[in-house]
Each structure stands twice: as C-alpha cells, then as structure tokens.
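Visitor: Take a look at this one; I'll ask things after.
What follows is calculated from the coordinates using simple rules that are stated; it is not laboratory data. Quantities reported herein were computed from a predicted structural model and do not represent experimental measurements. Don't worry about glycine lacking a Cβ; one is built from the backbone with ideal geometry, like all the others, and counts go over all protein chains shown.
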Amino acid sequence: MTPAISLPGRPEPLPVAEPGWQRGYPPPVSRSVYAAAHVAATPDGEIDWESTVGFRDFLWDHGFGVAEAMDTAQRGMGLSWAQARELIARSAARAAERGAVIACGAGTDQLPPGRHSLPDVVKAYQEQLELVQSTGADVILMASRALAASASSSRDYLDVYSRLLRQADRPVILHWLGTAFDPALAGYWGADEFEPAAGLVAGLAERADGKVAGVKLSVLDAGREAALRRRLPPGVRLYTGDDFHYDALIRGDADGHSDALLGAFAAVTAPAAAALRALDTGDLAGYQAAIGPTMPLSRVIFEEPTFHYKVGVAFLAWLNGLQPHFAMLGGLQRRRSREHLIRVFELAAAAGALLRPGLAVSRMTQYLAEGPP
C-alpha cells in the first residue's frame with residue numbers, strides 16, 4: 001500500500017509512491033558530474049562521521065564524483081578548518097578504498113574575517129592546497145572571502161591564482177560563487193560586472209599551461225553561464241553550479257553543454273542519476289522525464305536566502321534514512337521555516353526524491369508533531 005500523509009494546507013492526504021529508481025548507477029560517460037556533499041551532525045552539534053561518510057558512499061553508488069568540503073558542507077557557516085581537514089582526510093581515504101572520484105575544496109577559511117596581506121592569503125591557500133594534494137584528491141580552488149576583502153584590483157586576483165596554479169601538481173577546478181550564495185564575495189575577480197570578471201577567468205584558464213581542468217560557476221544565470229562556457233579554451237570544462245537551470249544546461253544544445261558540480265545533486269541524487277543514464281544512451285525524453293520534476297524542488301531548496309539551501313539537503317537526507325537526526329552544525333537546521341520544509345517534502349514526493357516512502361512519511365509526521373530540533 002502506498003503511504004500517505006496529511007499536510008497543513010492540503011485538503012487531501014498526499015500519497016508518497018515508490019519512485020522506482022535503481023539502487024545505484026554507473027558513473028555517466030557523456031558528462032563529468034560531481035555532487036557537493038553536506039555534513040551530518042548529532043543533536044549536540046558534533047559531526048556524525050558514520051552518516052557523513054556513508055552519505056558519500058550513497059553518492060558514489062549513484063555514479064557521482066564527490067565535491068568535498070565545499071560550501072554545501074558549511075565551509076564558513078559552521079565547519080571549521082580543523083574539521084574540514086579531518087573531513088577531507090576521511091573522505092579521500094574512503095574514495096581511495098573504493099577507487100572513486102573526489103575533489104576537495106581548498107580555500108582560506110583558517111584566516112579570521114577581514115583584510116589580510118596578499119602574501120598571507122596566498123600562504124593560507126597554499127596550506128589547504130598542500131593538504132588536499134597530500135590526500136590524493138583533486139583540488140577545487142574555492143572562492144576566498146579573505147581575497148575578496150583584501151584584493152584591490154583584478155591584477156591581485158591574477159597574481160594570487162597564478163601562484164597557486166604553479167604549485168598545483170595536477171589540473172584544478174576554479175570555483176566562482178555568486179553573491180546569492182555568499183554576499184561576502186561581491187566584486188570577485190576584481191570586477192563588479194560579470195563580463196570583465198568572465199574575461200579575467202577565461203584569460204587565466206588560457207594562460208594556465210593546462211593547470212585548469214574546469215570552472216565551477218554559480219551565478220544562477222543560464223545565459224551568462226553559456227557565455228562563459230563559449231569563452232573557455234578547449235579542454236576546460238564549465239561545471240554548472242546553477243541550481244535553477246541545470247536541466248537545460250547539462251542537456252545542452254548545438255552550442256555545447258555544461259558539466260555539473262551541484263549541491264542540488266545531493267538532494268535529488270537518484271532521479272538525477274537516472275536522468276544522466278538516459279542522457280548517456282541518447283534518450284532525451286527519458287532524461288527530461290527524470291530531471292524535469294527535480295527542478296521545482298531544487299528552486300525551492302535554493303530560494304532566498306540561497307545560502308541556507310544546505311538545510312533542504314540535510315532534511316532530505318534525514319527523510320531518506322541517510323542520517324538518524326535532522327541536525328546540522330551550529331543548529332543551522334533552524335534557518336528554514338516549517339512552511340518551507342513542508343513544501344520541500346511535497347516537491348520531493350513529486351520528484352521521486354523520497355526513496356523510502358514509509359520512512360519519509362513517518363519522519364515527516366514526527367517533524368510536524370515536534371517541530372525543528
């Protein structure tokens with residue numbers, strides 16, 4: 001029997017059907033795709049390591065590379081650099097055991113907020129870059145609040161990133177995060193407007209001697225993403241971070257396609273994996289049938305204030321039995337309203353993102369009775 005739940009504002013109980021996805025999928029071959037993974041917590045605010053590493057296994061089982069220690073894992077919003085070091089080490093070790101794909105964020109969040117000298121910013125980046133490389137993981141050079149606060153021109157960005165790329169022992173992914181995700185990154189790349197910033201990034205990739213594997217762009221503007229993608233040199237991938245338009249950007253058109261590095265794929269893992277499998281076989285209708293219903297869900301999870309999207313990711317992990325508690329570092333789970341999470345549940349049911357309907361209904365009933373932890 002299909003379980004159902006009575007939700008506030010709905011005249012009839014909502015049935016939650018079995019979605020019918022496979023329990024796992026092979027890595028896609030037509031796209032390079034990462035899911036940015038969150039951190040599970042215990043009710044007392046500590047990291048739940050078993051659930052956290054287990055969630056990465058879940059992503060790998062569905063064919064995704066794991067983007068580790070990114071903003072999805074609460075970098076700068078509850079996850080300290082000391083915790084990030086341990087997270088990177090644990091996840092990279094698990095990836096090595098499995099022969100799985102992992103790329104980890106290297107940034108500057110060991111520095112206190114505020115302005116710093118550029119040599120200090122470079123030194124902080126280098127410490128994290130060296131740590132990630134020592135684990136055998138690939139590197140994502142994260143956008144830096146310290147650099148945004150300290151740089152006075154586009155030349156400062158070029159100088160800092162050029163030094164880091166010379167130190168990299170393999171090609172890296174550059175991380176460009178828009179202000180919807182982090183207001184402290186306003187004016188990144190030394191420009192307030194997108195076009196000059198995009199020109200700097202494209203030029204940096206061109207002069208990098210093969211050290212830039214891709215650019216991860218999260219500005220929630222499909223037209224701007226396509227424009228930057230066209231400007232990148234051959235062999236440099238554009239990894240979409242656009243959680244509002246990833247369906248069309250990944251599918252692509254005659255002008256090309258984006259690859260993906262998305263927090264949304266930690267929330268809609270199974271339908272997204274099924275969609276990518278269909279895309280590999282040239283089944284565009286099957287791709288759209290699986291990916292299309294995830295878009296309304298993703299847009300709600302990432303609605304303003306966008307940087308609290310992590311709450312929706314953790315909520316769905318809890319509903320799906322991937323962690324025993326709906327808890328986040330620093331009590332971040334309280335940053336979304338009851339009404340928001342009810343809507344997340346409804347749209348997750350429609351998207352086939354509730355993988356164990358009976359458990360999801362039971363846990364949602366518990367949430368409605370008890371409220372947020």
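Visitor: Mind listing the long-range amide H neighbours of residue 68? Cut-off is under 5 Å, sequence gap 5 or more, other chains count too, H placed in the peptide plane at 1.01 Å from N.
Guide: It is 103, 104, 105, by chain and number.
Visitor: Tell me which trypsin sites (Lys or Arg not before Pro) from segment 1-68 have a DSSP coil assignment and no more than 12 other beta carbons within 10 Å of their own. It would help to have the intermediate numbers written out before the result.
Guide: On the way: sites: 23, 31, 56; in loops: 23, 31.
Sparse-neighbourhood loop trypsin sites (Lys or Arg not before Pro): 23.
Visitor: Tell me, what ³J(HN,Hα) does each residue in segment 329-337 have, in order and in whole Hz, if you take phi through Karplus 6.51 cos²θ - 1.76 cosθ + 1.60 with θ = phi - 60° and put x for Gly and Pro?
Guide: Result, rounded to whole Hz: 4, x, x, 4, 4, 7, 7, 10, 6.
Visitor: For residue 350 and residue 209 in the same chain, what is the full-extension length gain: residue separation times 0.36 nm, less their Cα-Cα distance, in nm?
Guide: Residue separation times 0.36 nm, minus the Cα-Cα distance, leaves 46.2 nm.
Visitor: Using a 7 Å offset from Cα along Cα-Cβ at residue 134, what residues in segment 87-121 end up with backbone N under 11 Å from the label point?
Guide: 89
Visitor: While we're looking at this one, here's another question. 7 Å from Cα along Cα→Cβ at both residue 2 and residue 281: what's the point-to-point distance in nm?
Guide: 2.4
Visitor: Sort 310-319, 165-174, 239-248, 120-129 by packing, meaning the average of other beta carbons within 10 Å per residue, with the highest value first.
Guide: Top to bottom by mean Cβ count within 10 Å: 310-319, 239-248, 120-129, 165-174.
Visitor: In addition: Determine, for 52, 108, 42, the number of other Cβ atoms within 10 Å of each Cβ, and report the residues in order from fewest to most. Spell out each step's value before the answer.
Guide: Working: 52 21, 108 26, 42 15.
So the ranking, lowest neighbour count to highest, is 42, 52, 108.
Visitor: Using the Karplus equation 6.51 cos²θ - 1.76 cosθ + 1.60 (θ = phi - 60°), what ³J(HN,Hα) coupling, rounded to whole Hz, does each residue of segment 358-365 give in order, writing x for Gly and Pro?
Guide: Here the 3J(HN,Hα) series is x, 5, 4, 5, 4, 6, 5, 4 Hz.
Visitor: Another question about this same structure. If you split all Cα-Cα distances of segment 31-306 into 5 Å bins from zero, what percentages do you get per bin, shortest first?
Guide: So the P(r) values, bin by bin, are 1, 6, 13, 17, 20, 18, 14, 8, 3, 1, 0.
Visitor: Sticking with this structure for a sec: With labels modelled as points extended 7 Å from the Cα through the Cβ direction, what inter-label distance (nm, one decimal) is found for residue 120 paired with residue 186?
Guide: Taking the simple label geometry, residue 120 and residue 186 are separated by 2.3 nm.
Visitor: Find the relative contact order for segment 78-183 and round it to a whole percent, using C-alpha pairs within less than 8 Å whose residues are 6+ positions apart. Walk me through the intermediate numbers first.
Guide: Numbers: 120 pairs, mean separation 30.2, N = 106.
The normalised contact order for segment 78-183 reaches 28 percent.
Visitor: Sorted from fewest to most neighbouring beta carbons within 10 Å, what does the list 1, 328 look like?
Guide: Numbers: 1 5, 328 27.
Neighbour counts put them in this order, fewest first: 1, 328.
Visitor: How big is D, in µm² s⁻¹, for segment 197-335 by Stokes-Einstein at 10 °C and 1.306 mPa s if Rh is the Kirkwood radius over C-alpha pairs?
Guide: On the way: Rh = 16.3 Å.
My calculation gives 97 µm²/s for D.
Visitor: Further question: Identify the GluC sites (Glu not before Pro) of segment 4-107 meeting these criteria: DSSP loop state and at most 14 other C-beta atoms within 10 Å of the C-beta. Walk me through the intermediate numbers first.
Guide: Working: sites: 46, 50, 68, 86, 97; in loops: 46.
Sparse-neighbourhood loop GluC sites (Glu not before Pro): 46.
Visitor: Moving on. Counting each DSSP H run of 4 or more residues in the chain as -39500 (n - 2.57), what helix-only mean residue ellipticity at 222 nm follows after dividing by all residues, to the nearest 500 deg cm²/dmol? Working shown, then result.
Guide: Details: 14 runs with 164 residues, N = 373.
Counting only the DSSP helices, I get -13500 deg cm²/dmol.
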